[in-house]
Structures are given as C-alpha cells and as structure tokens.
Amino acid sequence: MKIGKCTSMGRWLSAYLDGELSGRQSARVEAHLASCAHCRGELVGLQKTQALIREGFLATAGEPARDLEALIGAVRKGIAAGVGEETGLPARTARRWGLRALVPAVVAAAALVLVFRFAVYRTPEPVIETLVKHECIVDSVDGGDRTVLLFKTHNSRMTVIWVSGNGERRSPEEV
Amino acid sequence: MKSRGRLRGRSMVSCFALVWGLICCLGTAPAGAAEYQIQVRTILASNSDQGFDPRLLDLKKDLIALNYMSFQLLDTTGVTLSAGQTGKVKLPGGRLLLLTPVKMVGSKIDMKIVIREGAAAILTTRMRIENHGTVIIGGPRHETGFLTLAVTANF
C-alpha cells in the first residue's frame, strides 16, 4: 500500500472507517492523517455521512442496530411465509394456482413455437453457387478391364470419373 | 390434497416433456430426410459443330474442361430413392445406370453407382456426395461422341 498522496486517500479513508484495513495499513493512514489537515477534514466528512446514513436507516427500520440481522431474517421469513397473503390465499393454494397457470402457459408457448416452426420459419435454401456444390469424395472405383480416370475440373473442382470405353484407352485430353 | 397436487405436478411435467419431445422431433428431422432425389443428365460430348447446349449452362465451366467442342443434352431423368433402394436409369446404347443411396455419412450421401453394358459392369464406384453436389461420369462411346452423365444428389 502506498499512502502519501491525498488524491489516493479517499478509498483508504473509507476502508479505514469501516475497519477493513490491517493494523499496518491503519497505522499508515493514521500517520498520514496526522500530517494532512485536508484528509482529516475528509475523514470527518465521511464520518458524518456514515452517521447520517445509519440514522436514516434506523429511523426507517425502527430497530436498533444490533437487531439488524434479526430484522433481515424476519423480512426473509415474511417473504417465504407470505407468498399467498397478498392475494388473500394460503401459500399452498397460491402455489397450486401458480401450477395451474403454468400448464396452459407451457402449452401456449409450445403451440407458439410450433406455429413459428411451420408457418413463419422456413429453412433457408442453400446457396447453390458455392464450392460445396461440387463436394464429392470418391471412395472406390472399379472399371473392370477399362481404364478409369479420376480427376477434378480446374474451375470449380467438380469430380469427374472417366471410363475409357471399348479398350481404346482414350481420355478427354487425348481427344 | 397433497397427493392430488403432486399428481397434477407430475402430469404437468409429463405434458411439458411430451410437447418438448414433439418440438425436438419436428425441429431436428428435416422434411423427407429418408428420401434422396437423384438427377441424371445424359450428355453427348463430341467434337461436332453443334456447340454448347444452353440447357447445360450451369455445367459449362466444368464440361469444357473435358476438351470436347460440343455438349448436347440427350435426356434428363430424376429418381427419388430411399436408403438401400436402387434406381435404374436407361442410357443410350442399351446401357443401364444403377444408383443406390446407401446411407448418410455426416452431411453427405454415400452412394453406389454402377454402369452396366449388357451383362457387364463397366464402372462400379462408391462415393459420398454433398447435398446439391454433382459428379460427372463419362467415357462410354455413343454415336460420334462419348456419353457423359452429370449426377446430382438433392436431399
């Protein structure tokens, strides 16, 4: 940690106030504060802000700070237990209504997908004029007693199998 | 009450699974996946002065590589076959072309092609063709030129 420049002190002051710094870091902050009136002023400002926030929160919650955890727990319990209370129904009934509403929703969604699949979405036709058009792999060739030439055309690499007929052994290049 | 709720929950899950399965099946199975349309264009390649048949324009750049002066379309035949089924296409000179799509290998159709001349097979080949792919097979003599077949697979 490098402390010494007031511009970088803001985050350290906040952490210092929250007690998040180690002993060594706190000592450095305190040493800086001892020599810097500006940062001392900043610290006081931060303390006041925190105090105001705390007071405001406590006034809203109506609970002392030590009961904060208890308050959070109570809120969580209330949320878990009171699922159906807003609608005036017991929680189990509310869950059941949720399931009842889910089934038609799922069916409707599935129907929508099917309609989209067949009525709206069309599988795009492949573009014919591509190199893939002529993609062909010859695994085996048997011309019996004839000569078989196997080659690809120069332009689009189309596969050609040429059988020399009647034992004449003529290939296209010979013609 | 509890068991009724559980039952309803299960039926909902079953309903959802059924609908989802249906969607998956319809979504992944392409229409007519088991059928292969094979088009065979029978061409006469020769050195006559008939020139290039305009119906073969899509093959022009490939056919001219064969070093003939004239290419005339004699016939076009289409056969729709399922895997393992053999289609027969009559060729000039009493020849017969046998096409058998065997199975899909990745995105290609594995196909067996045989040209028979009487009882003898003058060519037996096995190849894999991409969808809309074309292979040119030629060589047998016919009249003043040579038979050339453009075999295109569509599936």
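Return the residue satisfying two criteria in turn: it lies in segment B:72-99 and is over 20 Å from B:Leu123 (Cβ atoms) and either in a strand (DSSP E or B) or in contact with a Gly (Cβ under 7 Å, 6 or more places away or on another chain) (or both), and of such residues it is least open to solvent (accessible area, probe 1.4 Å).
Among those that are over 20 Å from B:Leu123 (Cβ atoms) and either in a strand (DSSP E or B) or in contact with a Gly (Cβ under 7 Å, 6 or more places away or on another chain) (or both), it is B:Leu73.
Within segment A:141-164, which residues are open to solvent by less than 60 Å² (accessible area, probe 1.4 Å) and among the basic types (Lys, Arg)?
The answer is A:Arg146, and nothing else.
Which of the residues that make up segment B:58-85 are in contact with an Asp or Glu (Cβ under 8 Å, 6 or more places away or on another chain) and within 16 Å of B:Val40 (Cβ to Cβ)?
So in segment B:58-85, the residues in contact with an Asp or Glu (Cβ under 8 Å, 6 or more places away or on another chain) come out as B:67, B:69-73, B:80-82.
Those that are in contact with an Asp or Glu (Cβ under 8 Å, 6 or more places away or on another chain) and within 16 Å of B:Val40 (Cβ to Cβ): B:Phe71, B:Gln72, B:Leu73, B:Thr80, B:Leu81.
Which of the residues belonging to segment B:33-62 are touching a strand residue (DSSP E or B) at 6+ places or on another chain (Cβ under 6 Å) and hydrophobic (A, V, I, L, M, F, W, C)?
Of everything in segment B:33-62, those that are touching a strand residue (DSSP E or B) at 6+ places or on another chain (Cβ under 6 Å) and hydrophobic (A, V, I, L, M, F, W, C) turn out to be B:Ala34, B:Ile38, B:Val40, B:Ile43, B:Leu44, B:Ala45, B:Phe52, B:Leu56, B:Leu59.
Among the residues of segment A:1-48, which ones are of a type in the set (Ser, Thr, Tyr) and modelled with pLDDT of 80 or more?
Filtering segment A:1-48 down to residues of a type in the set (Ser, Thr, Tyr) leaves A:7-8, A:14, A:16, A:22, A:26, A:35.
Those that are of a type in the set (Ser, Thr, Tyr) and modelled with pLDDT of 80 or more: A:Ser14, A:Tyr16, A:Ser22, A:Ser26, A:Ser35.
Please determine whether any residue of segment A:82-94 is modelled with pLDDT of 65 or more and either outside any loop (DSSP other than H, G, I, E, B) or among the basic types (Lys, Arg) (or both).
Taking every residue of segment A:82-94 in turn, none turns out to be modelled with pLDDT of 65 or more and either outside any loop (DSSP other than H, G, I, E, B) or among the basic types (Lys, Arg) (or both).
Scan B:Ala45, B:Ala121, B:Ala65 and give me the residue that is within 18 Å of A:Val148 (Cα to Cα), within 12 Å of another protein chain (Cβ to nearest Cβ) and buried (at least 21 other Cβ atoms within 10 Å of the Cβ). Full working, then the answer.
On the way: B:Ala121 fails: buried (at least 21 other Cβ atoms within 10 Å of the Cβ); B:Ala65 fails: buried (at least 21 other Cβ atoms within 10 Å of the Cβ).
B:Ala45 is the lone residue from the list that is within 18 Å of A:Val148 (Cα to Cα), within 12 Å of another protein chain (Cβ to nearest Cβ) and buried (at least 21 other Cβ atoms within 10 Å of the Cβ).
Starting from residues that are in a strand (DSSP E or B) and open to solvent by 50 Å² or more (accessible area, probe 1.4 Å), keep the ones in segment B:124-152 and report whichever is nearest to A:Val163 (Cα to Cα). Walk me through it before giving the result.
Taking segment B:124-152 as the starting set, the residues that turn out to be in a strand (DSSP E or B) are B:124-130, B:134-142, B:145-152.
Keeping just the survivors that are open to solvent by 50 Å² or more (accessible area, probe 1.4 Å) gives B:126, B:128, B:141.
Values: B:Arg126: 15, B:Arg128: 19, B:Arg141: 10 Å.
Among them, the one singled out is B:Arg141.
The values are calculated or read from the model by the stated rules, or taken from the named source; none is laboratory data. Model, not experiment: these values are computed from the prediction. Glycine gets a Cβ as well: all are built from the backbone with ideal geometry, and neighbour counts include every protein chain shown. Keep in mind that these areas ignore ligands, DNA and RNA; they rest on the heavy atoms of the full protein, side chains included. Shrake-Rupley method; radii C 1.70, N 1.55, O 1.52, S 1.80 Å.
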